[in-house]
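Working notes, beginning with the structure itself.
Please treat every number below as a calculation from the coordinates, not as lab data. The structure displayed is predicted, hence computed values, not measured ones. Here Cβ is always computed from backbone atoms with ideal geometry, including for glycine, and neighbour counts include all displayed protein chains.
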Amino acid sequence: MKMKLSIGGWKAGYVNVDLYDKRADYMRPIWDTGLDDSAYDWIEAIHVLEHCPYQQVVPALKEIGRLLTPSGSAAVMVPDLSRAFRMQLEKPCWPPFAAIYGNQKNEGQFHHTCFSPETLATVISQNAGLRLVSIETIDYNADRTAIERITRIGNPTPDFTRLTARIRIGILAHIKKLSRT
């Protein structure tokens with residue numbers, strides 16, 4: 001049986017870790033879950049990493065790597081800072097778009113760290129020591145009638161694309177452990 005882990009929030013059929021959501025199986029931070037090594041074939045951390053203080057981003061990614069089985073994969077998604085700032089500049093509003101600062105409804109909803117596709121790629125592959133398979137940006141097309149997935153780095157696998165088909169808006173990274181060959 002393949003083990004699936006959702007970090008941040010709650011998802012049916014998954015083991016769930018979240019520091020604030022009382023429905024989670026484990027109420028712990030992403031950078032220190034306390035879960036078993038190499039136990040999960042699939043990990044999703046969708047719109048979670050931006051809620052980490054920037055000093056905890058690398059430990060959080062290393063924790064994801066520690067939890068993955070040798071053949072496992074992780075989907076990590078964060079807001080696209082460049083898109084959020086463009087939106088704010090094109091259509092100024094108050095309060096600013098939640099993609100920049102989070103919705104701030106509770107302590108766990110503040111954004112502490114921001115990313116571009118390039119900074120996410122760098123922190124994954126150079127700082128956290130993980131294998132970056134691909135980075136895509138996902139957004140609505142110009143007339144907002146369809147979702148566009150644009151590959152920025154690498155090549156997403158068909159399985160990864162299928163597993164992440166319902167994920168919307170942001171920068172999506174496909175991560176694996178480094179091979180020990």
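List the relative contact order of the chain as a percent without decimals, with contacts defined as Cα pairs under 8 Å and 6+ residues apart.
Details: 366 pairs, mean separation 35.7, N = 181.
Once divided by the residue count of the chain, the mean separation gives 20 percent.
Of all DSSP beta bridges located in the range 4-176, what percent are antiparallel, nearest 5? Please report the intermediate quantities before stating the final value.
Numbers: 19 of 32 bridges.
For the range 4-176, the DSSP antiparallel bridge percentage is about 60.
To the nearest 0.05, how large is the calculated FRET efficiency for Gln104 and Ser71 if R₀ is 30 Å and r is the Cβ-Cβ distance? Before the final figure, lay out each step's value.
On the way: r = 39 Å, r/R0 = 1.29.
Taking R0 as 30 Å, the efficiency between Gln104 and Ser71 is 0.20.
Take Tyr26 and Arg152, extend 7 Å from each Cα along the Cα→Cβ direction, and tell me the distance between the two endpoints in nm.
Output for this residue pair reads 2.9 nm.
Only loop residues by DSSP count here, and only those with at most 13 other Cβ atoms within 10 Å; note down the trypsin sites (Lys or Arg not before Pro) in the range 28-121 that meet that. Intermediate results must be reported in sequence, preceding the final value.
Numbers: sites: Lys62, Arg66, Arg83, Arg86, Lys105; in loops: Lys105.
When the trypsin sites (Lys or Arg not before Pro) of the range 28-121 are filtered for loop state and at most 13 Cβ neighbours within 10 Å, Lys105 remain.
Order by neighbour count: Thr157, Thr137, Thr145, fewest other Cβ atoms within 10 Å first, most last. Write down the numbers at each step before the final one.
On the way: Thr157 14, Thr137 18, Thr145 7.
In increasing order of surrounding Cβ atoms, one gets Thr145, Thr157, Thr137.
Short version: what are the Cα gyration tensor semi-axes of the chain, square root of 5 times each eigenvalue, largest first, in whole Å? Write out the running numbers ahead of the final one.
Values: eigenvalues 127, 77, 48 Å².
Ellipsoid semi-axes (Å, largest first): 25, 20, 15.
To the nearest 20 debye, what charge dipole does the range 1-147 have about its Cα centre, counting +1 at the Cβ of each Lys and Arg and -1 at the Cβ of each Asp and Glu? Mind dumping the intermediate values first?
On the way: 14 positive and 17 negative charges, 32 e Å.
Charge dipole, the range 1-147, about its Cα centre: 160 debye, nearest 20.
Among Lys62/Lys177; Lys4/Lys177; Lys22/Lys105; Lys2/Lys177; Lys4/Lys105, which pairs are too far apart, with a Cα-Cα distance over 19 Å? Let's see the in-between values first.
Values: Lys62/Lys177 10 Å; Lys4/Lys177 16 Å; Lys22/Lys105 16 Å; Lys2/Lys177 17 Å; Lys4/Lys105 28 Å.
Those over the limit are Lys4/Lys105.
Zone of Trp10 (label point 7 Å along Cα→Cβ, backbone N under 19 Å): which residues in the range 34-49?
Hits in the range 34-49 for Trp10 at 19 Å: 44-48.
Give the cross-link partners of Lys11 among the aspartates and glutamates, using a straight C-alpha distance below 20 Å as the criterion and excluding same-chain residues fewer than 8 apart.
Asp21, Asp25, Asp32, Asp36, Asp41, Glu44, Glu50, Glu63, Asp159
Contour minus end-to-end for Glu118 and Asp139, with contour as 0.36 nm per residue of separation and end-to-end as the Cα-Cα distance? Provide the component values of the computation, followed by the final result.
On the way: separation 21, 0.36 × 21 = 7.56 nm, distance 1.69 nm.
Once the chain is fully extended between Glu118 and Asp139, it gains 5.9 nm.
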